[in-house]
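Notes follow the structure.
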Amino acid sequence: MATPLEIGRRQIGRVRRSGEHILRQASAADRPLPDFMIIGAQKAGTTSLHAYLCEHSRVPAASKKEVHFFDQEFHRGMDWYRAHFQREKGGHTLNGESTPYYLFHPLVPERAAEVLPDCKLIVLLRDPVDRAFSHHNHECALGFEDLDFERAIEAEPRRLAGEEERLAREPRYRSFSHQHHSYISRGRYAEQLQRWLERFDRERILILSAEDLFAEPGRIVGEAQEFLGLAAETPADLSAKNARTYAPIGAETRAELRAAFEPHNRRLYELVGRDFGWD
């Protein structure tokens, strides 16, 4: 649970960043759109991979990791979006961003395809049981969840009822529960990837295993660099980012979720042509 001091610091930081961003918009015309995006999944190593890629000599970091343009700020327009990226320097850089809500939000694929038809997309997928449990612990730490894991997943259908339809119906609507309480829904990867595959060619999407990233970060970073057309550069710091420690999930709950996710995992394996071994 976040303390009042931590909440206050976050608010001060947001005000400072907002002021800086207004200044950056004055030079928006000189700033490029991103060449790549890490679109999810949340709690699947996106923060780590983003940090590793930004260590490359040709990849300048955006003004913040999660821009949230295509999910929550689309109405702000292109100058607002461009202001997050570094000015062009001879065409030798690749700009990118990492917003893991993009994979799950129903409006993002269409919006991204309209604005960035040539963008390359990187997707990290994690065992959906582990991802859900990590997501829950993350929301508890931020102060956005007050139910224990079992009660939270039981409440999820009620919390999310009608939210995706409302997001599609009201372009500026923000759903707190859709973003923060979607523990099980975000693990149904096939239905989310299908929306992206309807808008982007398969060769523009790199699908990686979070478990592989955790075990062999150097190899997976190299695979991502190759996909982006970058010369191989091993990051100096391959430690995990944004990692948390917490008590393990209960065995009975794990078994129930494993059975519930099994058909969704099978559909994913068929869709992408890879068995991630989660079952």
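The requirement of being modelled with pLDDT of 95 or more and under 19 Å from the mean Cα position of the chain (by Cα) is not satisfied by ASP146.
Return the total of residues in segment 206-230 being over 17 Å from PHE276 (Cα atoms) and not in a helix (DSSP H, G or I). Going through segment 206-230 one residue at a time, the tally reaches 3.
Listed by first and then second residue, the pairs linking a residue in segment 161-179 that is in contact (Cβ under 8 Å) with a residue 40 or more places away in the chain to a residue that is small (Gly, Ala, Ser), with Cβ atoms under 7 Å apart and 6 or more places separating them unless they lie on different chains, are LEU167/SER175. Of everything in segment 155-192 that is among the hydrophobic types (A, V, I, L, M, F, W, C) and part of a helix (DSSP H, G or I), the residue that is surrounded by the most Cβ atoms within 10 Å (Cβ to Cβ) is LEU167. Of all the criteria given as (1) surrounded by 15 or more Cβ atoms within 10 Å (Cβ to Cβ); (2) among the charged types (D, E, K, R); (3) within 20 Å of HIS264 (Cα to Cα), the one not satisfied by ARG204 is (3).
Look at SER57 and say whether it is part of a loop (DSSP other than H, G, I, E, B), among the hydroxyl-bearing types (Ser, Thr, Tyr) and touching a residue at least 60 places away in the same chain (Cβ under 8 Å). It is true that SER57 is part of a loop (DSSP other than H, G, I, E, B), among the hydroxyl-bearing types (Ser, Thr, Tyr) and touching a residue at least 60 places away in the same chain (Cβ under 8 Å). Restricting attention to segment 201-219, and to residues there that are of a type in the set (A, V, I, L, M, F, W, C) and under 17 Å from the mean Cα position of the chain (by Cα), which single residue is farthest from GLY45 (Cα to Cα)? If we take residues in segment 201-219 being of a type in the set (A, V, I, L, M, F, W, C) and under 17 Å from the mean Cα position of the chain (by Cα), then ILE205 is farthest from GLY45 (Cα to Cα).
Name the residue that is surrounded by the most Cβ atoms within 10 Å (Cβ to Cβ), counting only residues in segment 227-256 that are hydrophobic (A, V, I, L, M, F, W, C) and more than 22 Å from the chain's Cα centre (by Cα). The extreme case among them is ILE249. When segment 115-154 is filtered for residues that are of a type in the set (A, V, I, L, M) and either under 28 Å from GLY277 (Cβ atoms) or assigned to a helix (DSSP H, G or I) (or both), the ones remaining, listed by number, are VAL115, LEU121, ILE122, VAL123, LEU124, LEU125, VAL129, ALA132, ALA141, LEU142, ALA152, ILE153. Considering segment 154-171, the residues that are at pLDDT 95 or above and in contact with a helix residue (DSSP H, G or I) (Cβ under 8 Å, 6 or more places away or on another chain) include one that is nearest to ASP71 (Cα to Cα), namely LEU167.
Just one of ARG31, ARG24 is at pLDDT 65 or above and touching a helix residue (DSSP H, G or I) at 6+ places or on another chain (Cβ under 6 Å); which is it? Going through ARG31, ARG24 in turn, just one is at pLDDT 65 or above and touching a helix residue (DSSP H, G or I) at 6+ places or on another chain (Cβ under 6 Å): ARG31. Filtering segment 68-110 to residues that are modelled with pLDDT of 95 or more, in a loop (DSSP other than H, G, I, E, B) and hydrophobic (A, V, I, L, M, F, W, C) leaves LEU103, PHE104, LEU107. Filtered by the rule that a residue be exposed (fewer than 15 other Cβ atoms within 10 Å of the Cβ) and within 23 Å of PHE214 (Cα to Cα), segment 267-279 gives GLY273, ARG274, ASP275, GLY277, ASP279.
Quick one: in segment 79-112, which of the residues that are crowded, with 22+ Cβ neighbours inside 10 Å and among the aliphatic types (A, V, I, L, M) is farthest from the chain's Cα centre (by Cα)? Filtering first and then ranking leaves ALA112.
Remark: pairs (first residue in segment 134-154, touching a residue at least 24 places away in the same chain (Cβ under 8 Å) and surrounded by 14 or more Cβ atoms within 10 Å (Cβ to Cβ); second residue assigned to a loop (DSSP other than H, G, I, E, B) and among the basic types (Lys, Arg); Cβ separation under 9 Å; 6+ apart in sequence or on different chains) = SER134/LYS43; SER134/ARG126; SER134/ARG244; HIS135/LYS43; ASN137/LYS43; ASN137/ARG244; HIS138/LYS43; HIS138/ARG244.
The values are calculated or read from the model by the stated rules, or taken from the named source; none is laboratory data. As the structure is a prediction and not an experimental result, all values here were calculated from the model. Note: ideal-geometry Cβ built from the backbone for every residue, glycine included; neighbour counts use all protein chains shown.
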